[in-house]
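One structure is given below, encoded as structure tokens.
The values are calculated or read from the model by the stated rules, or taken from the named source; none is laboratory data. What you are looking at is a predicted structure, and each value in this text was computed from that prediction instead of being measured. Every residue, glycine as well, gets a Cβ built from its backbone with ideal geometry; the counts of neighbours run over all protein chains shown. Please note that ligands, DNA and RNA were not included when accessible areas were found on the heavy atoms of the full protein model with its side chains. Shrake-Rupley method; radii C 1.70, N 1.55, O 1.52, S 1.80 Å.
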Amino acid sequence: NDGFMHGFRAGAYLANGQFDTTGSIAPNDGQELIGYMPSSALATILDSNTNLDFSSPSYAHALSVDATPGTGDLYYNGAWHTWLAGGMAGGGNANGPIGDNTTNATGGDIFALDITNPGNFSEANAASVVIGDWGPNGSPMPCATNPSTSCSAALLSNLGNTYGTPIIRRLHDGNWGVIFGNGLNSPTGTAGIYIMEVSATGAITFRFLDTGYGPSQDPLRVAPNPGSKNGIAYVSSADLDGDHVTDYVYAGDRFGNLWRFDLTSNNAANWAAGTSPIFSTPGGQPITTRVTVTSALSGNNPGRVMLDFGTGQQLSQTLTSPATYASGTQTIYGIWDWNMSAWNALGSVQYSSLAAPQTITTAKLVTQTATDVNVTDSNGNVTGRYRTVTQNKICWAGSATCSPGTSNTKFGWQLNLPDSGEQIIYSPTTAYGLFIVNTTIPAANQALSCSNLPPTGYTMAIAADTGGAPTSSFFATATNNYVSANGAIVAGIGLSAVGTPSFVSAMTKPYMVN
């Protein structure tokens, strides 16, 4: 949050795949190798408002380069390259952090750096390291469909604060691309994704795939008042046949809609968002984090493409208000993408599918229930916070999953977060077949005070295909005794962790790092 995207020296791997413990290639010493200031940070780092001026003694609080960047390899000009692409999250706005769903973002920004050879990182080589920086304070977006200035302006009007992590993927037209959500609080207020294509010669063009869901589709809108702004933060790709080419992109929007973007055509002009959402959360529960995509097998039948995600949103602390959160009960969902007929006609790998039309409502989801269990010592002090989850079976629609006479009508699962205000503001991940996420329970009072407790939360590990507790607990004691509470499998531990869990292996054992 100091205005830069930083890169630090953290070691390297040898040709045999072993980590270089001698530091002969690149020492693991944390020395900074690169610092890049995106255009929106450059435009706001010296502000006429002394409360936002980073160098002023009156500086209060602003946001800067806060989005987590993504990296990936791509091929052009006859060579492989490694890129880093990132955004600003809530940073870069001229008037400071935005703490609502209606104000226009002025700090939308997406940048890309060529990080193939860290030995090239120097101010003298900046022109070759910086691929580009696009946004209201940077360069216009070269338009793939029409190179006119008006087309570029229209593209930029859909760009909000870029909260998600861009992904770098190969596409069906033979090009490589950087894919990212359009962000939150864009001028148009719609939801969609950008695809920045890189041609065989390295030429860059942008296209925007619009869902068409803007303020007028706000589920909480009360006419004739305008609705809130929609937007997509994170995107997830699906390579359904393992050829390393992206087939679909999935994302959730701020209005609680789950979208699929079809990139299966070898003609980029045919790429588009679905004509309607796969699923919409009741009451517009916002989806502001990543959707995980997994395939769940059922016996010898083709797998079901499962889309798991949580709902919630944290709005930034501003100069005049504390951080605020989505209201009402928030939920973790697992939704089956049942509409695979078009893919099955194209792909060598088949997936479970149903004939259209099908509509998924919460009535067609199995409900799993979470229960908090506090462990106390002999003095009544709480020494541990656990969470158990039911293991209710799903009778899948169109299948014979359950016994004859039982209605096989379900399209997934739902798990309401049980504690007051509890929600998902950090992206989930998957590991060992489980959906893993850190939940957040906001503190009762967000004012800055030494006597107030920070937000708390649980680290959840549940089955990705059913939403229930796994067959054995993901969590274990130091002696590998799997944890249970009141005789039930523990599916969550009260760690009050933040961010997305990471997984590393050491001495043949896996570890989760929070």
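When the convex hull of the C-alpha atoms of region 195-285 is computed, what volume per residue in Å³ does it have?
Once divided by residue count, the hull of region 195-285 is 119 Å³.
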Q: Quick one: grab the alpha carbon gyration tensor of region 219-367, order the square roots of its eigenvalues as a ≥ b ≥ c, and give me rounded if a/c is under 1.5, else prolate or oblate depending on whether a/b is larger than b/c.
A: prolate
**Q.** P(r), alpha carbons of region 237-282 - 10 Å bins starting at zero, rounded %
**A.** 27, 47, 23, 3
**Q.** Å³ per residue enclosed by the Cα convex hull of the chain
**A.** 198 Å³
**Q.** Solvent-accessible area per residue, Å², over the chain with all protein chains present [probe radius 1.4 Å]
**A.** 45 Å²
Q: Before anything else, pin down the relative contact order of region 348-487: Cα pairs under 8 Å, at least 6 apart, normalised by residue count, whole percent.
A: 19 percent
Q: Using the 2.2 N^0.38 Å rule of thumb for compact globular proteins, work out how region 259-303 stacks up: its C-alpha Rg over that value, please.
A: 1.57
Q: Please state the charge dipole magnitude for region 248-349, taken about the Cα centre, from unit charges on C-beta atoms (+1 on K and R, -1 on D and E), reported in debye and rounded to the nearest 20.
A: 60 debye
Q: Diagonalise the Cα gyration tensor of region 357-405 and give the resulting equivalent ellipsoid semi-axes, square root of 5 times each eigenvalue, largest first, whole Å.
A: 39, 13, 6
Q) D for region 1-98, whole µm²/s, Stokes-Einstein with Kirkwood Rh over alpha-carbon pairs at 25 °C and 0.890 mPa s: what number? A) 154 µm²/s
Q. What share of all Cα pairs of region 69-123, in percent, falls into each consecutive 10 Å distance bin?
A. 21, 35, 24, 17, 4
Q: Summarise the accessible area of the chain (1.4 Å probe, protein heavy atoms) by the percent that is carbon and sulfur.
A: 52 percent
(Q) Sequence gap at least 6, Cα distance under 8 Å: using those rules, report the relative contact order of the chain to the nearest whole percent. (A) 8 percent
Q. Which whole-angstrom value gives the distance between the alpha carbon centres of region 82-146 and region 305-333?
A. 25 Å
Q.
Can you compute the radius of gyration and Dmax for region 95-238, using only the Cα atoms, both in Å?
A. 16.4, 58
Q) For region 233-360, what is the relative contact order in percent, using Cα pairs closer than 8 Å and at least 6 residues apart in sequence? A) 19 percent
Q) Just how many % of Cα pairs in region 371-514 lie over 26 Å apart, if you round to the nearest whole percent? A) 34 percent
Q: In whole Å, largest first, what are the principal axis extents of the Cα atoms in region 320-361?
A: 55, 21, 15
Q: Please list 10-16, 135-141 highest first by mean number of surrounding beta-carbon atoms within 10 Å per residue.
A: 135-141, 10-16
Q. Which value, in Å² and to the nearest 10, is the accessible area of Thr145 when all protein chains are kept and the probe is 1.4 Å?
A. 100 Å²
(Q) Give the separation of the Cα centroids, region 260-284 to region 485-514, in Å. (A) 34 Å
Q: Give me the accessible area of Tyr386, 1.4 Å probe, in Å² rounded to the nearest 10.
A: 60 Å²
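Ignoring everything except DSSP H segments at least 4 long, calculate the 222 nm mean residue ellipticity for the chain; use -39,500 (n - 2.57) per segment, divide by total residues, nearest 500.
Details: 4 runs with 24 residues, N = 514.
Taken over the chain, the calculation gives -1000 deg cm²/dmol.
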Q) Rg (Å, one decimal) plus Dmax (Å, integer) for the alpha carbons of region 315-412? A) 21.1, 65
